[in-house]
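The values are calculated or read from the model by the stated rules, or taken from the named source; none is laboratory data. Source: prediction; values computed, not measured. FYI the Cβ positions are ideal-geometry reconstructions off the backbone, even for glycines, and counts take in every protein chain you see.
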Amino acid sequence: MATREAAELSSLATALDELTRRITAIAEALAGTASDDVAAGLFDVERALGAARRRLARLVDALG
């Protein structure tokens, strides 16, 4: 049973990686522009997603 959950969580971790890459790309494009405040907020989101991804990876390891 835990193997199925670990596989699903691993898939979600991959999705988090993709979301993080997309948010980073937007933040980098906005940095240094009139929307620099939005870029700063997106970099905060990027850090939070990174932390979530690391936590999820630890949980996947614990299952499998």
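Summary of values
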{"item": "Conditions (1) free of Cβ contacts under 8 Å to residues at least 24 places away in the same chain; (2) surrounded by 14 or more Cβ atoms within 10 Å (Cβ to Cβ); number of the one not met by Thr20", "result": "(1)"}
{"item": "Check on Ala51, of a type in the set (Gly, Ala, Ser), at pLDDT 95 or above, outside any loop (DSSP other than H, G, I, E, B) and farther than 21 Å from Asp61 by Cα", "result": "no"}
{"item": "Candidates Asp36, Asp61 - the one that is modelled with pLDDT under 95, more than 14 Å from the chain's Cα centre (by Cα) and not aliphatic (A, V, I, L, M)", "result": "Asp61"}
{"item": "Residue count for segment 32-52, restricted to those that are surrounded by 13 or more Cβ atoms within 10 Å (Cβ to Cβ), under 17 Å from Glu18 (Cβ atoms) and among the aliphatic types (A, V, I, L, M)", "result": "4"}
{"item": "Search result, residues across segment 26-64 that are more than 16 Å from Leu9 (Cβ to Cβ) and in contact (Cβ under 8 Å) with a residue 24 or more places away in the chain", "result": "Glu46, Gly50"}
